[in-house]
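Read through the structure below, which is laid out as structure tokens, and then see the notes.
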Amino acid sequence: MAIPHRTARHDAVRAASAPSAQPSSRHSLPLARRADLIESLDGGTIEPGELERNLADLARLGRLPGGAGASISAIRRLAPAGPELSILDVGAGRGDMARAFATRGWRTVSLDSHPQVLQSARTATAGNALIEVVEADGAALPYPDRSFDVSHCSLLIHHLDPPDAVTILRELARVSRYGVVVNDLRRSLLAFVATGVSVALLSRCRTTRVDGLISARRAYTLDELDALLAAAGLGVLWRSNPLLPRVATAAVGRSAR
């Protein structure tokens, strides 16, 4: 049974990578392929003050449709009604998602591996008893199976190439009782234009304006994301408005669908 499992996983990851690997006339179309570019945060080229402004911009952009509200709706689709939920949020940012969850009474562990991001998240969430900020690697979560009700990541998956994305999705699935929420940009021409307009109007720093467009080009299409989820043993249960540039997906183990 192990060999077919590895084959299926390989096929799904290959499918998610296909737009950048297989020659096609579609590649002449804008955004037909996922861009092989590096954002400032990934490349370690961003100064602390600029990073703080960038994180503040992302928190501001997260209040738009498809942001924190969409993640909350996705979590509610997965977990039982009521305030007593535990959430693991991988990719802390400035703690904006954790703070949004805390307003619902949900206990959240906000996790990141970037020292400056962790410092920003700890400062922004200081004094909130419902939020714990932890330094750890999302690809090797330091928690037992089913430690949290729901695991969540926002604007993380587009930073990762398919094999790394599948690794993190598998870890998110392992530590959750009810399922996984992935909130991220989707790649399309319309989404690219909408992202460009949003960052131009709402951002306060150059990094957000430049990296925002890179992110829109590095994002996965929804079909590609579904292939990554399938490779991690997950299937889509619910999705926020798929026409928006940013979409939240609630996923569960395929046996639970």
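Each value in this text was obtained by applying a stated rule to the coordinates, not by laboratory testing. Just so it is clear, the model here is predicted, and its values are computed rather than measured. Glycine gets a Cβ as well: all are built from the backbone with ideal geometry, and neighbour counts include every protein chain shown.
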Theoretical gain in end-to-end length, Asp42 to Asn241 [0.36 nm per residue, Cα-Cα removed]: 68.8 nm
Length gained when the stretch Ala136-Ser113 is fully extended (0.36 nm per residue, less Cα-Cα span): 7.8 nm
Estimated FRET transfer efficiency when R0 is 22 angstrom, pair Thr167-Arg254 (beta carbons, to 0.05): 0.80
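Would you list Ile46, Ile131 from fewest to most Cβ contacts within 10 Å?
On the way: Ile46 19, Ile131 25.
Listing Ile46, Ile131 from fewest to most nearby Cβ atoms yields Ile46, Ile131.
Which percent, nearest 5, of DSSP beta bridges in the chain are antiparallel? Don't skip to the answer; put the middle values down first.
Values: 11 of 31 bridges.
For the chain, the DSSP antiparallel bridge percentage is about 35.
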CD proxy at 222 nm, helix term only [per DSSP H run n ≥ 4: -39500 (n - 2.57); per residue of the chain; nearest 500]: -14000 deg cm²/dmol
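Counting other beta carbons within 10 Å of each residue's own, what order do Leu141, Leu111 fall into, fewest first? Don't jump to the answer; show the numbers that get you there.
Details: Leu141 21, Leu111 25.
Ordered from fewest to most neighbouring Cβ atoms within 10 Å, Leu141, Leu111 come out as Leu141, Leu111.
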Point-to-point label distance, Ser147-Asp223, nm (Cα→Cβ direction, 7 Å offset): 3.7 nm
Normalised contact order of region 171-257, rounded percent, pairs of Cα under 8 Å and 6 or more residues apart: 40 percent
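Over all distinct alpha-carbon pairs, what is the Kirkwood Rh of region 37-256 in angstrom?
Details: mean 1/r = 0.0586 Å⁻¹.
The answer is 17.1 Å.
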Chain lengthening between Leu64 and Arg104 when straightened (0.36 nm per residue, less Cα-Cα): 12.6 nm
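List Thr167, Thr45 from most exposed to least, where exposure is judged by having the fewest other Cβ atoms within 10 Å. Intermediate results must be reported in sequence, preceding the final value.
Details: Thr167 16, Thr45 11.
Going from sparsest to densest Cβ surroundings: Thr45, Thr167.
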Sites matching trypsin sites (Lys or Arg not before Pro) across region 104-135 that sit in DSSP coil, with at most 15 neighbouring C-beta atoms within 10 Å: Arg104
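Loop only per DSSP, at most 15 neighbouring Cβ atoms within 10 Å: give me the trypsin sites (Lys or Arg not before Pro) in region 170-240, ordered by residue number.
On the way: sites: Arg170, Arg174, Arg177, Arg186, Arg187, Arg204, Arg206, Arg209, Arg217, Arg218, Arg239; in loops: Arg186, Arg187, Arg204.
Sparse-neighbourhood loop trypsin sites (Lys or Arg not before Pro): Arg204.
Provide the FRET efficiency to the nearest 0.05 for the Ala129-Leu189 pair, computing r from the beta carbons and using R0 = 41 Å. Show your work: numbers first, answer last.
Values: r = 45 Å, r/R0 = 1.09.
Efficiency, rounded to the nearest 0.05: 0.40.
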Förster radius 41 Å - calculated FRET efficiency between Glu50 and Arg177 (Cβ-Cβ, nearest 0.05): 0.60
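How much space per residue, in cubic angstrom, does the convex hull of the C-alpha atoms of region 97-180 take up? All intermediate terms of the calculation are to be shown ahead of the outcome.
Numbers: hull volume 7.8 nm³, N = 84.
It is 93 Å³ per residue.
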